[in-house]
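One structure below.
The values are calculated or read from the model by the stated rules, or taken from the named source; none is laboratory data. Everything quoted here is computed from the prediction, not taken from an experiment. As a convention, Cβ positions derive from the backbone with ideal geometry for all residues, glycine included, and neighbour counts pool all protein chains shown. These accessible areas exclude ligands, DNA and RNA; they are computed on the full protein's heavy atoms, side chains included. Shrake-Rupley method; radii C 1.70, N 1.55, O 1.52, S 1.80 Å.
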Amino acid sequence: MAMEVTQVLLNAQSIDGNVRKHAEDTLRQFQEQNLPGFLVSLSGELASEDKPVDSRKLAGLILKNALDAKDESRKQELVQRWLSLDPVAKTQVKSCLLQTLSSLALDARSTATQVIAKVAGIELPQKQWPELIGSLLSNIHQVPTHVKQATLETLGYLCEEVSPQVVDQEQVNKILTAVVQGMNASEGNNDVRLAATVALYNALGFAQANFTNDMERDYIMRVVCETTMSPEVKIRQAAFECLVSIAAMYYEKLAPYIQDIYNITAKAVRGDEEPVALQAIEFWSTICDEETDILEESIGDSNGDSDIPCFYFIKQALPALIPLLLETLLKQEEDQDLDEGAWNIAMAGGTCLGLVARTVGDDIVPLVMPFIEENITKQDWRQREAASYAFGSILEGPSPDKLAPLVNHALPFMLSALVKDPNNHVKDTTAWTLGRMFEFLHSSIVGTPIINEGNCQQIITVLLQSMKDVPNVAEKACGALYFLAQGYEDVGPTSPLTPFFQEIVQSLLTVTRREDATESRLRTSAYETLNEVVRCSTDETAPLVLQLVSVIMMELHKCLEAQNLSSDEREKRSELIGLLCGCMQVIIQKLGSSEGTKYVFLQCSDQIMGLFFRVFAFRNATAHEEAMLAIGALAYVIGPDFAKYMPEFYKFLDMDLQNFEEYQVCAVTVGVVGDICRALEDKILPYCDGIMTQLLKNLSSDNLHRSVKPPLFSCIGDIALAIGDNFNKYLMYAMNTLQLAAEMYAHTSGFDDEMTEYINSLRNGILEAYSGIFQGFKNSSKSQLLIPYAPHILQFLDSIYMEKDMDEVVMKTAIGVLGDLADTLGSNAGSLIQQSLSSRDFLNECLTSEDHLIKESAEWAKLAITRAISV
């Protein structure tokens with residue numbers, strides 16, 4: 001087989017489908033029958049200089065895929081498979097890989113660098129392959145530059161794969177020395193310098209200790225700053241990427257270098273090529289993010305002792321930084337509004353300006369206003385657009401008091417420009433800026449309202465007219481209307497929008513039917529705005545919202561009926577179905593919340609459900625999600641009567657609970673099971689066997705996306721609450737699953753913030769399940785069945801209390817569970833609670849909480865516990 005592997009690898013890339021399939025099958029068989037031989041054969045192919053580059057490259061790629069996968073559970077399988085492989089075969093593979101680093105073929109070298117890093121990612125944490133880093137470092141001093149380049153690339157990938165804890169400090173020092181030397185201007189070869197600079201970017205996370213040492217840090221920073229001056233654009237870009245990363249990781253160490261960095265970045269922004277200039281702007285955006293985080297933390301931290309002090313770099317740089325950013329706004333591209341993924345210097349500069357505004361607040365306003373006033377009426381469209389963009393960018397951050405007079409002054413001009421400016425770019429940005437004005441300044445909090453009886457009609461007239469403009473301008477006008485509606489959400493029984501409601505709705509529906517509605521997200525934006533207008537409407541306009549029900553049903557019917565569509569049209573149809581179902585959900589929630597209007601759904605629920613059932617025939621995740629959510633809302637409104645749809649609906653429910661591929665659909669469906677439990681209560685009983693079996697199966701699966709797990713636990717509680725002590729038949733299975741999960745997630749030590757947040761969401765789900773079960777069995781003769789589980793639940797509460805990392809949500813649910821335990825089990829729980837290690841401390845802490853919801857739950861729990869103990 002080893003003899004013919006070259007030809008098989010070449011055949012696997014053949015344009016002839018049959019040849020390709022035969023070769024792929026042959027490779028698969030070889031792998032299944034003799035994995036060690038297969039991997040050794042591939043690594044030999046990769047290392048052989050006399051083999052064709054195409055077969056070597058594919059051999060390396062297959063090797064890489066044999067070690068790594070995107071799916072986490074598959075990845076773990078591959079890791080275990082490699083670790084249990086015959087050591088002799090592994091040594092042969094690794095030896096071939098290292099040999100390939102000196103290959104003259106760039107593709108082979110480059111593939112080997114990635115595969116070595118994948119093997120290192122598996123072996124180094126297991127204390128295997130200890131000689132790897134040493135042998136790589138010895139390569140650095142070899143004469144051929146291509147070997148040096150490949151070795152530095154390997155070190156970079158290795159730092160990406162392995163966590164810093166795995167490599168000891170002595171080796172880290174050697175890696176950094178080699179990498180920084182490779183970056184030096186004295187290194188004559190650009191490929192080596194680029195590989196070294198990219199490697200430093202990946203190795204920065206390992207440099208914690210080095211950055212605390214002044215001499216070492218000075219040396220690293222000097223070399224990085226020098227490298228930003230390289231004659232080679234890719235090297236300059238990579239060096240600026242290092243600076244951005246240093247800003248995020250080592251903000252507190254930047255003070256001695258910040259003036260030099262300003263000079264370097266300003267030079268790049270003003271005169272370098274775009275990829276370099278973008279990274280130079282990104283440096284300042286990153287500093288803004290860091291300072292905003294520090295300042296927010298110190299506000300949240302009543303002692304004001306944030307771990308890292310704020311050096312106010314942005315505030316100090318303002319006089320120089322603002323003019324620099326304002327210059328970038330004039331470097332627009334002709335068609336940037338039409339390209340959704342566009343990113344250029346002007347957009348990066350405006351984004352950074354917005355971050356600066358959030359960081360320094362009012363101080364930015366006097367520095368930007370002269371630029372706006374000077375350019376807003378200029379002949380050149382670029383100056384007018386830049387002025388509008390600058391205005392829109394600084395509306396979040398400064399105080400409403402500072403901004404309101406300026407916005408009031410500018411509003412008539414902006415409205416006029418939106419209709420009359422001859423340039424589409426200017427209109428697009430003007431509509432965006434109006435949207436920002438309404439988002440941040442138009443609501444009940446602001447003293448001087450920017451929208452009043454005098455200008456409300458003009459604003460609406462202009463926005464509705466602008467919605468007839470080209471798609472990108474119309475889309476921004478919809479966005480502005482969205483925030484206009486949102487600002488009137490809690491105005492009381494009468495809204496200033498009421499007189500215009502019918503006209504607004506009609507205009508939005510007209511936009512959704514435009515021939516060009518699929519361009520620039522226009523249709524999506526129009527439906528989102530329609531939903532917001534409906535959601536924020538008052539009872540006065542309820543009769544008009546009622547008329548919308550039949551309109552949206554008609555649109556959905558028409559959409560489902562469409563025949564003979566091309567694949568592009570089918571995709572657009574699926575998107576439209578999702579939008580219509582989403583709109584239906586908002587209308588159902590709005591009208592269903594009031595007794596005067598919910599009758600309409602009791603009358604037409606058959607037709608609505610008939611349409612939703614037809615939606616499930618389409619294999620489209622978004623359409624399924626939106627239909628599911630709308631059905632959940634409908635079930636909530638019509639209550640127990642929803643039972644008549646269950647025989648038909650259960651099929652779709654079951655199908656989407658098993659949809660692991662499109663896990664968002666699965667998550668939404670789990671939430672809808674909860675809605676249906678609340679609507680049907682014990683009428684859901686006939687379907688519980690199937691639902692509970694699937695929920696428990698999902699919880700034990702390694703293939704389901706982790707975000708679905710917390711709602712799965714909560715859903716068990718919803719079912720228990722709905723069917724009361726009928727839950728008895730599932731009790732043992734559910735409690736075992738919950739107990740295992742509780743043991744697994746009781747502790748978070750050693751995890752990062754993101755993982756701790758996720759574990760808290762799992763804990764909350766587990767606690768909600770316990771709460772539903774205990775409340776469901778309350779006042780039942782079967783409640784004593786829960787007694788054996790009480791000690792373990794109290795132990796779980798003890799553990800998470802001792803960990804001291806609960807968030808407010810978990811705290812509220814946890815104290816609620818303590819109360820449920822006492823409330824349902826009475827005296828049977830009293831003595832157990834008294835014996836528990838921390839129940840008293842936990843209760844007292846919650847009773848003195850500043851969060852009124854936690855305090856309320858704790859007061860109820862205290863009553864229940866007192867009753868249980870006194871019995």
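Being of a type in the set (S, T, N, Q), modelled with pLDDT of 95 or more and out of contact with any Leu (no Cβ under 6 Å at 6 or more places or on another chain) is not true of SER444. Among the residues of region 535-594, those identified as within 23 Å of ILE638 (Cβ to Cβ), open to solvent by 30 Å² or more (accessible area, probe 1.4 Å) and among the charged types (D, E, K, R) are ARG535, ASP539, LYS590.
Restricted to region 5-21, and to residues there that are within 17 Å of SER55 (Cβ to Cβ) and out of contact with any Ser or Thr (no Cβ under 9 Å at 6 or more places or on another chain), the residue that is least open to solvent (accessible area, probe 1.4 Å) is SER14. Output yes when any residue across region 732-751 is assigned to a loop (DSSP other than H, G, I, E, B), surrounded by fewer than 21 Cβ atoms within 10 Å (Cβ to Cβ) and free of Cβ contacts under 8 Å to residues at least 12 places away in the same chain, and no when none is. The answer is yes; a qualifying residue exists. Tell me yes or no: at least one residue of region 760-767 is within 26 Å of ASP805 (Cα to Cα), of a type in the set (Gly, Ala, Ser) and in a helix (DSSP H, G or I). Checked region 760-767: at least one residue is within 26 Å of ASP805 (Cα to Cα), of a type in the set (Gly, Ala, Ser) and in a helix (DSSP H, G or I).
Annotation note: Cβ proximity below 8 Å between a residue of region 659-670 that is over 14 Å from PRO710 (Cβ atoms) and touching a residue at least 40 places away in the same chain (Cβ under 8 Å) and a residue that is open to solvent by 50 Å² or more (accessible area, probe 1.4 Å) and outside any helix (DSSP H, G or I) (sequence gap 6+ or interchain) occurs for PHE660/ASN703; PHE660/HIS705.
Let's see how each residue does on (1) more than 17 Å from MET437 (Cβ to Cβ); (2) open to solvent by 20 Å² or more (accessible area, probe 1.4 Å); (3) not hydrophobic (A, V, I, L, M, F, W, C):
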site	(1), (2), (3)
ASN452	no, yes, yes
CYS456	no, no, no
GLN465	yes, yes, yes
ALA474	yes, no, no
VAL491	yes, yes, no
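Of the numbered criteria (1) at pLDDT 95 or above; (2) open to solvent by less than 30 Å² (accessible area, probe 1.4 Å), the one TRP432 fails is (2).
Which one of VAL637, VAL665, VAL670, VAL600 is within 26 Å of ILE723 (Cα to Cα), β-branched (Val, Ile, Thr) and open to solvent by 10 Å² or more (accessible area, probe 1.4 Å)?
Numbers: VAL665 fails: open to solvent by 10 Å² or more (accessible area, probe 1.4 Å); VAL670 fails: open to solvent by 10 Å² or more (accessible area, probe 1.4 Å); VAL600 fails: within 26 Å of ILE723 (Cα to Cα).
VAL637 is the lone residue from the list that is within 26 Å of ILE723 (Cα to Cα), β-branched (Val, Ile, Thr) and open to solvent by 10 Å² or more (accessible area, probe 1.4 Å).
Residue by residue, here is whether (1) aromatic (Phe, Trp, Tyr); (2) over 27 Å from VAL426 (Cβ atoms); (3) open to solvent by less than 60 Å² (accessible area, probe 1.4 Å) holds:
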| site | (1), (2), (3) |
| --- | --- |
| ILE264 | no, yes, yes |
| ALA268 | no, yes, yes |
| GLU273 | no, yes, no |
| ALA277 | no, no, yes |
| THR292 | no, yes, yes |
| LEU321 | no, no, yes |
| THR328 | no, no, yes |
| VAL360 | no, yes, yes |
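The selection criterion, being open to solvent by 90 Å² or more (accessible area, probe 1.4 Å) and either among the aromatic types (Phe, Trp, Tyr) or not in a helix (DSSP H, G or I) (or both), does not hold for GLU859.
Of the residues contained in region 55-71, one or more are found to be free of Cβ contacts under 8 Å to residues at least 40 places away in the same chain, charged (D, E, K, R) and under 28 Å from ASN703 (Cβ atoms).
Somewhere in region 2-12, is a residue under 40 Å from the mean Cα position of the chain (by Cα) and of a type outside the set (A, V, I, L, M, F, W, C)? No.
The set of residues from region 209-227 being of a type outside the set (A, V, I, L, M), within 35 Å of the chain's Cα centre (by Cα) and farther than 12 Å from ILE246 by Cβ comprises THR212, THR227. Residue count for region 73-87 under the criterion of being open to solvent by 30 Å² or more (accessible area, probe 1.4 Å) and without any contact (Cβ under 8 Å) to a residue 40 or more places away in the chain: the result is 7. With respect to being open to solvent by 70 Å² or more (accessible area, probe 1.4 Å), over 38 Å from the mean Cα position of the chain (by Cα) and more than 30 Å from LEU704 (Cα to Cα), GLU45 falls outside the description. Tell me whether region 764-786 contains one or more residues that are more than 37 Å from the chain's Cα centre (by Cα), buried (at least 16 other Cβ atoms within 10 Å of the Cβ) and aliphatic (A, V, I, L, M). Yes, there is a match, as at least one residue in region 764-786 is more than 37 Å from the chain's Cα centre (by Cα), buried (at least 16 other Cβ atoms within 10 Å of the Cβ) and aliphatic (A, V, I, L, M). Counting residues in region 524-531 that are of a type in the set (Asp, Glu) and exposed (fewer than 15 other Cβ atoms within 10 Å of the Cβ) gives zero.
Among the criteria (1) closer than 20 Å to GLU681 by Cβ; (2) open to solvent by 40 Å² or more (accessible area, probe 1.4 Å); (3) in contact with a Leu (Cβ under 8 Å, 6 or more places away or on another chain), the one GLU626 does not fulfil is (1).
Just one of the listed residues (GLU515, GLU540) is within 26 Å of PRO449 (Cβ to Cβ) and of a type outside the set (Val, Ile, Thr), namely GLU540.
Is it the case that region 405-423 has a residue that's among the polar types (S, T, N, Q), in contact with a helix residue (DSSP H, G or I) (Cβ under 6 Å, 6 or more places away or on another chain) and either closer than 26 Å to GLN506 by Cβ or open to solvent by 40 Å² or more (accessible area, probe 1.4 Å) (or both)? No, region 405-423 has no match at all.
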